[in-house]
1. Suppose we filter A:D246, A:D283 for residues that are without any contact (Cβ under 8 Å) to a residue 12 or more places away in the chain, more than 14 Å from chain B (Cβ to nearest Cβ) and open to solvent by 40 Å² or more (accessible area, probe 1.4 Å); which single one remains?
2. Given the conditions (1) part of a helix (DSSP H, G or I); (2) open to solvent by less than 30 Å² (accessible area, probe 1.4 Å); (3) touching a Lys or Arg at 6+ places or on another chain (Cβ under 6 Å); (4) not basic (K, R), which single one is not true for A:E87?
3. Would the range A:180-189 turn up any residue that is open to solvent by less than 10 Å² (accessible area, probe 1.4 Å) and either away from chain B (no Cβ under 14 Å) or away from the ligand (no atom under 16 Å from the Cβ) (or both)?
4. Mind checking whether some residue in the range B:161-172 is aliphatic (A, V, I, L, M), over 21 Å from the mean Cα position of the chain (by Cα) and either open to solvent by 70 Å² or more (accessible area, probe 1.4 Å) or within 12 Å of chain A (Cβ to nearest Cβ) (or both)?
5. Exactly one of (1) in contact (Cβ under 8 Å) with a residue 12 or more places away in the chain; (2) within 30 Å of B:P26 (Cα to Cα) is unmet by B:L136. Its number?
6. If only one of A:H143, A:H139, A:H160 is farther than 28 Å from A:D363 by Cβ, surrounded by 24 or more Cβ atoms within 10 Å (Cβ to Cβ) and either within 14 Å of another protein chain (Cβ to nearest Cβ) or touching a residue at least 60 places away in the same chain (Cβ under 8 Å) (or both), which one is it?
7. Pick out the one residue from A:A383, A:A320, A:A327 that is buried (at least 24 other Cβ atoms within 10 Å of the Cβ) and either more than 22 Å from the chain's Cα centre (by Cα) or closer than 29 Å to A:I222 by Cα (or both).
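The values are calculated or read from the model by the stated rules, or taken from the named source; none is laboratory data. In this text, all values refer to a predicted model and were calculated from it rather than measured experimentally. Cβ coordinates were reconstructed from backbone atoms using ideal geometry, including for glycine residues, and neighbour counts include every protein chain displayed. To get the accessible areas, we keep the full protein, side chains included, count just its heavy atoms, and leave off ligands, DNA and RNA. Shrake-Rupley method; radii C 1.70, N 1.55, O 1.52, S 1.80 Å.
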Amino acid sequence: MTSKARTLYEKIWNAHVVDRRDDGTCLIYIDRHLVHEVTSPQAFEGLRVAGRPVRRPDLTLAVPDHNLPTTARLDAAGKRIPIADPESAAQLAALEANAPAFGIRYIDASAPEQGIVHVVGPEQGFTLPGCTLVCGDSHTAAHGALGALAFGIGTSEVEHVLATQTLLLKQAKTMEIRVDGTLGFGVGPKDMILAVIGRIGAAGGNGHVIEYTGSTIRSMSIEGRLTVSNMSIEAGARAGLIAPDDATFAYLKGRPMAPRGADWDAAVAYWRTLPTDAGAVYDRTEIFDAAAISPSVTWGTSPEDVVGIAGVVPDPESFADPSKQEAARKSLDYMGLQAGQRMQDVAVEHIFIGSCTNSRIEDLRAAAAVVNGRRIAGGIKQALVVPGSGLVKRQAEQEGIDRIFKEAGFEWREPGCSACLGMNPDKVPAGERCASTSNRNFVGRQGPGARTHLVSPAMAAAAAVTGRLTDVRDLMGGRTA
Amino acid sequence: MKPVTTISGRAYPFGRKNVDTDVIIPARWLKTISRAGLGRGAFETVRREAGNVFDDPTYAGAPILIAGDNFGCGSSREHAAWALGDLGIGAVIAPSYSDIFSGNAFKNGILTVVLPQPVIDRLMEVARTHPIEIDLERQMVTTPFQDRFAFEIDPFRKHCLLNGLDEVGMTMAMDASISAFEAQRAASQPWL
Ligand code: SF4
């Protein structure tokens with residue numbers, strides 16, 4: 001033995017240190033940079049003012065997603081339909097101009113590959129195990145599902161990466177979240193990660209990079225792993241990681257930007273060296289039993305406000321911490337809920353199936369399986385399905401999933417961030433309630449005054465057909481485990 | 001970036017505590033594509049108050065802002081620093097700041113001076129009638145009344161501000177190391 005046992009995080013970190021300062025700050029090389037329309041205009045402006053080029057346009061990929069409307073993009077004649085909101089239109093126009101001006105590959109709003117950055121990266125094989133990947137968006141953590149060290153950055157850092165392909169960072173602590181066993185019937189990756197955040201708290205991962213381990217994760221699909229890693233930031237962690245394995249390699253093989261031929265074989269050989277060594281030590285470990293997790297739903301305005309669907313709205317007094325009591329009181333007031341109310345009695349008016357957390361093909365299949373042969377309930381004002389990318393959309397259409405949704409009364413939209421955040425026309429009106437597969441239930445996140453309940457795709461579908469938060473296990477035949 | 005050596009002139013005697021970034025620049029200004037022009041949105045809600053310092057011609061174009069504890073708390077938006085810069089503010093003086101805000105201010109060439117509340121009170125009083133001077137090299141705030149208040153600053157930040165070095169420029173100066181890393185990476189992981 002030459003060196004000490006290391007974690008996946010430490011291996012990736014060490015492989016990317018360009019320079020180390022005395023105070024521990026490291027200059028870290030960035031292998032992949034995803035750029036979207038909202039956090040990039042001022043970064044490009046900074047480059048332009050200073051007369052600086054993009055150092056490695058070949059490692060950079062730009063795609064619009066955040067404020068692109070999800071209605072039709074082209075008219076009957078194939079011409080681009082203009083975006084009504086002038087500010088959104090200006091941000092999109094800026095990206096469209098900046099990408100070619102700086103030599104960056106750009107996926108156009110009407111291209112078949114367009115989608116949410118965090119869906120597009122893995123899907124195109126842009127995201128690879130062992131690489132460092134950044135994007136000016138906090139849910140960049142998603143890419144960790146493939147074993148990439150991926151995290152969100154601010155606009156100054158976007159500019160720094162564009163100009164230098166590096167970032168100044170301090171090494172984080174490591175936290176292992178180990179989940180063993182089999183998730184029950186009707187319980188999916190989203191329920192699992194919500195349960196994890198519910199227990200460790202929205203600040204539980206502060207200062208750490210989480211690595212998800214255990215048999216539940218090992219047997220989970222790449223789509224499911226992306227859902228889990230995506231929400232690492234909601235547990236306060238800088239990034240999430242899952243060791244690459246055969247499932248990862250099978251997912252990536254043949255993707256448009258993935259390595260090919262001899263490069264592929266060399267890459268896989270390297271990727272196999274990445275998993276955490278036996279005997280490596282994490283700064284902290286939390287252990288979960290998959291079988292004990294039930295379909296999860298949030299009741300408040302923080303992703304840590306999680307209960308099982310069979311549960312009730314908690315009494316704010318039941319929290320030990322006085323500041324949490326106060327936060328819970330405020331949340332219940334905002335959400336229009338009473339302590340002790342059964343979650344399953346809560347009626348919803350909106351359904352959102354989409355976002356970088358849950359808009360991949362498996363998510364749509366899981367929701368469609370529940371919706372199949374049913375109709376949305378009378379009280380539902382709007383039910384949206386927004387595929388994560390054009391490729392997901394097309395595959396779903398080939399499988400006939402779009403018909404299932406449309407026949408049930410859902411709207412089948414074009415890819416984008418949509419109602420995940422109130423930056424584009426898809427918003428939840430003030431005081432109205434949405435069962436949403438997105439990742440943040442913050443005050444005003446889905447629109448000013450909007451009330452969000454985070455759920456899995458199957459649970460969102462169940463809420464759509466009953467008009468209230470519903471235990472999908474009951475709906476699908478009463479099996480509970 | 002322009003080197004920062006001394007900043008002198010009138011100072012807005014704002015003085016409020018816990019000024020969050022939403023007060024500095026409201027969320028509706030986030031959908032911009034330029035850093036320039038954000039000064040128009042700076043302190044938008046405060047400017048609706050009669051007699052606010054930002055619309056008082058006495059302080060028009062003042063390069064210094066005096067504030068209370070915990071300046072720049074709340075959302076991490078870098079627009080707060082851009083808005084202050086666009087308003088013409090080159091330095092803020094306050095008892096404390098949120099870490100993210102002071103980091104963003106520094107990255108945008110804005111000096112954040114930390115001085116205790118009694119000093120802030122004195123500077124607020126002077127600022128209403130007279131200019132103030134901040135000398136970064138000597139780490140000293142002075143007034144025309146012979147007040148001298150020394151302040152601390154991270155040596156790295158001081159060096160960068162004095163020499164007009166932005167972080168991007170500093171890292172670009174390490175081009176040789178980055179290029180060497182890239183060469184080694186191209187050899188060991190040609191698929192990247
Ligand atoms: S879907 Fe939501 S969380 Fe994901 S990138 Fe878009 S806005 Fe961010």
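1. Numbers: A:D283 fails: without any contact (Cβ under 8 Å) to a residue 12 or more places away in the chain.
One residue alone meets the criteria, A:D246.
2. Here A:E87 clears every test but (2).
3. No, because not a single residue in the range A:180-189 is open to solvent by less than 10 Å² (accessible area, probe 1.4 Å) and either away from chain B (no Cβ under 14 Å) or away from the ligand (no atom under 16 Å from the Cβ) (or both).
4. Yes, that holds for at least one residue.
5. Failing condition for B:L136: (2).
6. Working: A:H143 fails: farther than 28 Å from A:D363 by Cβ; A:H139 fails: farther than 28 Å from A:D363 by Cβ.
Of A:H143, A:H139, A:H160, the one residue that is farther than 28 Å from A:D363 by Cβ, surrounded by 24 or more Cβ atoms within 10 Å (Cβ to Cβ) and either within 14 Å of another protein chain (Cβ to nearest Cβ) or touching a residue at least 60 places away in the same chain (Cβ under 8 Å) (or both) is A:H160.
7. Working: A:A320 fails: buried (at least 24 other Cβ atoms within 10 Å of the Cβ); A:A327 fails: buried (at least 24 other Cβ atoms within 10 Å of the Cβ).
The unique qualifying residue is A:A383.
Listed here are the residues, each with its yes/no results for (1) in contact with a Phe, Trp or Tyr (Cβ under 7 Å, 6 or more places away or on another chain); (2) closer than 29 Å to A:G51 by Cα; (3) within 14 Å of another protein chain (Cβ to nearest Cβ).
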residue: A:I116; (1), (2), (3): no, no, no
residue: A:L128; (1), (2), (3): no, no, yes
residue: A:L168; (1), (2), (3): no, yes, yes
residue: A:T174; (1), (2), (3): yes, no, no
